[in-house]
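The values are calculated or read from the model by the stated rules, or taken from the named source; none is laboratory data. Bear in mind that the values here come from a model prediction, so they are computed numbers and not experimental data. Cβ placement follows ideal geometry from the backbone for every residue including glycine, while neighbour counts extend to all protein chains displayed. All accessible areas refer to the heavy atoms of the entire protein, side chains included, with ligands and DNA or RNA removed. Shrake-Rupley method; radii C 1.70, N 1.55, O 1.52, S 1.80 Å.
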Amino acid sequence: MSDIDTAVALLRAGQLVAIPTETVYGLAADAANPVAVSRIFRAKGRPADHPLIVHLPGADWLERWAINIPPLAWELAEAFWPGPLTLILQRAPGVPDAVTGGQDTVGIRIPAHPLALEVLRAFAASEHGVGPRGGLAAPSANRFGRLSPTTAEHVRTDLGDAVSLILDGGPCPVGIESTIIDLSRGSEAPPRLLRPGRVTPAMIASATGIDVEPPFLPSSTHANATASTPRVSGSLDAHYAPRTPMRLVARENLDAALTEAQGTHSRVLALRRLPCDAKGSDATSASTFWLPADAEGVARALYDALHQLDAQNAELILAEAVPESAEWVAIADRLRRAACGAGRS
Ligand code: TXA
Ligand code: MG
């Protein structure tokens, strides 16, 4: 049997399979099977009211899972799927509560990784039922609150015991989780950014001419939460976090901060971006992990860097803050959350 056939057989039997996507590895289960979906929550240690993203093999499966799909959703699907964009839509009747956390919306995405698409196509082809079928619910394949996995090895280390199969598709080329856009409030309401990612509001505006509402400010996430506020676990301040305490420091203050921290801590590690003109020659320096200079490169390398730094059991990680321009927004978001949740266990 091929790996794909094995994966599909396991998924049909209600088991968990870790799959590579272009963003991060996902922990997949049959989204139409509440027992299978409950295994995801158990494996991750994730609160049951946090909704999951349903992954589909193509936009032609969308109407099984969502209703009142606004024209903008089809435009975004055309422009960005398969790819790192999740759309929140009104859920179709029959979508299990286990997937949506009991909300009347559902998150949908069509991933671009060839292996994920192969599994999704084969899984959907094995499906003969009507209605919401042929989808895989897949959160990032990490324990709740911890770093997202961007290699099969990360999944093995964090969740190895809990998954029946890990499909190794190599390192994830995007490296941070998909952009999430809420389109569930009807055609009149502007689309709302729930999680920044590789697909930026500027890219969406240039593809559709429509402006996306910015996300809630992190500090207001809890204070302003109301019954109608969607539950995005990525909106918890502490998320995507290493075990080692981590602090963000502006580039120009990092050398001084390192010197100071080394005076008070036994082992301090630094996470920095290479200067644009550097050749990376000092990239082996024992206490410094060098990231690429550009935003796409940093996104691709970030979680692996944090996994590696975390494995060194240091007392403190000092991470260089990133610029404030639009292309860095998603990375700044993940770094801030990582620093906020770091060192908690
Ligand atoms: O790139 C990604 O999106 C990866 C890969 C595996 O596809 N998946 C991922 O899943 O990051 P997860 O569960 O770690 O994060 C999904 C986020 C959560 O913050 C969840 O709360 C939010 O999507 N979400 C899912 N359904 C939602 C809904 N109906 N309304 C609001 N937020 C939703
Ligand atoms: Mg996650």
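Between E213 and N253, with labels modelled 7 Å along Cα→Cβ, what's the label distance in nm to one decimal, could you check?
3.4
Could you calculate the contour length gain from R42 to A125, that is, 0.36 nm times the residue separation minus the distance between their Cα atoms, to one decimal place in nm?
Working: separation 83, 0.36 × 83 = 29.88 nm, distance 2.77 nm.
Extra length available between R42 and A125 comes to 27.1 nm.
Between beta-carbons, use under 13 Å as the cut-off and find the net charge around C172, counting Lys and Arg +1, Asp and Glu -1.
Once all neighbours under 13 Å are counted, the net charge is -4.
Show me 247-260, 74-87, 108-121 ranked by packing, highest mean number of other Cβ atoms within 10 Å first.
Peptide ranking by packing, descending: 108-121, 74-87, 247-260.
Can you give the accessible area per residue of the chain, in Å², using a 1.4 Å probe?
On the way: 14570 Å² over 345 residues.
Normalised by residue count, the accessible surface of the chain is 42 Å².
Take the alpha carbon atoms of segment 121-202, find their radius of gyration, then divide it by 2.2 N^0.38 Å using N residues; give the quotient.
Numbers: Rg = 16.4 Å, N = 82, 2.2 N^0.38 = 11.7 Å.
Computed over Cα atoms of segment 121-202, the ratio equals 1.40.
How big is the equivalent ellipsoid of the chain along its three axes, where each semi-axis is √(5λ) from the Cα gyration tensor, reported in whole Å from largest to smallest? Walk me through the intermediate numbers first.
Working: eigenvalues 229, 105, 66 Å².
Taking √(5λ) for each eigenvalue gives 34, 23, 18 Å, largest first.
What distance in nm separates the two pseudo spin-label positions at E63 and T264, each 7 Å out from Cα along the beta-carbon direction?
Between E63 and T264, the label points sit 6.2 nm apart.
Please state, rounded to one decimal and in Å, the Kirkwood hydrodynamic radius that segment 1-146 gives when every pair of distinct Cα atoms enters the mean of 1/r.
By the Kirkwood definition, the hydrodynamic radius is 14.9 Å.
Springs between alpha-carbon pairs under 10 angstrom, Gaussian network model over the chain: which of P71, P171, P201 fluctuates most?
Maximum fluctuation in the GNM of the chain, among the listed residues, is at P71.
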